[in-house]
């Protein structure tokens, strides 16, 4: 229970990749963290499970009801639909950017780095993503690497569902050791 007392936001909407929300959520809870699924609206959001719609997940809070001050980290699941919908929502972008500016852990997997691109966080940062958005990362000034997990000053990225164990373990490690607080001004 390394993360007792830590609060983690998972920012998602309809079309999140099922495993990319559920695996980190469950592993972070097992480590002792309080995890809230935050979305644009109350109720439930529906996942995408490989090739079709997946299971719904209960939304704990909406973006309008929370502040980055309440959380120690934010996790951004991928899937193609979810981050594409979120990257045009100013409240979602402001939440992610505020978390980053407060030197908190920002973790994105698969297509989730689209939000890091949209907020300017990707610029100059070593990171990875799903292979189809590699060019997007590079064009945004990111230094793309083909590794299961890449960490650059508290920004954690992974490529796909096959990387979720390493991704989740790295989030726990970064939060436990407080390494993200050493982030320099970018």
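Quick note: the coordinates plus some simple rules give every number you see, no bench work behind them. Small disclaimer: the values here were computed from a predicted structure and weren't measured. Here Cβ is always computed from backbone atoms with ideal geometry, including for glycine, and neighbour counts include all displayed protein chains.
When 62, 119 are sorted by how many other C-beta atoms sit within 10 angstrom of their C-beta, beginning with the fewest, the order is 62, 119.
Calculated mean residue ellipticity at 222 nm for the chain: -9000 deg cm²/dmol, from DSSP H runs with n ≥ 4 weighted as -39500 (n - 2.57), summed, divided by the residue count and rounded to 500.
Mind checking the log10 I(q)/I(0) for region 1-108 at q = 0.17, 0.24 Å⁻¹? Debye, one equal scatterer per Cα, no solvent, two decimals. Normalising to I(0) and taking log10 leaves -0.73, -1.42. Reducing region 124-182 and region 7-29 to their Cα centroids gives an inter-centroid distance of 16 Å.
The ranking of 105, 37, 155 by Cβ neighbour count inside 10 Å, starting from the fewest, reads 37, 155, 105. Using a simple spin-label model with pseudo-atoms 7 Å out from Cα toward Cβ, residue 84 and residue 29 lie 2.9 nm apart. What the Kirkwood sum gives for region 1-52 is a hydrodynamic radius of 11.7 Å, with every pair of different alpha carbons counted. Taking the inverse of the average 1/r across all pairs of different Cα atoms in region 7-182, what Kirkwood radius in Å do you get? Taking every pair of different Cα atoms in region 7-182, averaging 1/r and inverting gives 15.4 Å.
Distance between the modelled labels on residue 101 and residue 60, one decimal in nanometres: 2.4 nm (7 Å Cα→Cβ projection).
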